[in-house]
């Protein structure tokens, strides 16, 4: 599975589980951390954990395991590090507090509208 296919699967999985305000930011020109950040928030701590668990499950079905998974004790910020793509799953209030998109505003916003289900 190439990087683009992995990014699409992550975004579609988050959308299918009703993740809110999904964003993909290309950061490869800014850092060696990863090529992309995917940022999403859930409506509760339980929802955030469910989003992260489902991404991990779907990629695991394709033989892709995260290099690292980090979470705070309340599941308000969960990080799945797949090397080239880092997924940040937030609880809404935590996302608003850290404003990760603002910190990486120099990155390229990726248009993912064609990957999201229209309601």
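Structural remarks
- Residue satisfying all of: in the range 97-117; without any contact (Cβ under 8 Å) to a residue 60 or more places away in the chain and assigned to a helix (DSSP H, G or I); surrounded by the most Cβ atoms within 10 Å (Cβ to Cβ) among these: 98
- Options 50, 31, 13; residue that is assigned to a loop (DSSP other than H, G, I, E, B) and either surrounded by fewer than 18 Cβ atoms within 10 Å (Cβ to Cβ) or touching a helix residue (DSSP H, G or I) at 6+ places or on another chain (Cβ under 8 Å) (or both): 31
- Single condition residue 53 does not satisfy, out of (1) more than 13 Å from the chain's Cα centre (by Cα); (2) on the phi < 0 side of the Ramachandran plot: (1)
- Scope the range 21-54; condition touching a residue at least 60 places away in the same chain (Cβ under 8 Å) and within 19 Å of residue 72 (Cβ to Cβ); matching residues: 37, 39
Laboratory data are not the source of any read-out in this text; all were calculated from the coordinates shown. No experiment lies behind these values; they were computed from the predicted model shown. Using ideal geometry, Cβ is built from the backbone for each residue, glycine included, and neighbour counts are taken over all protein chains shown.
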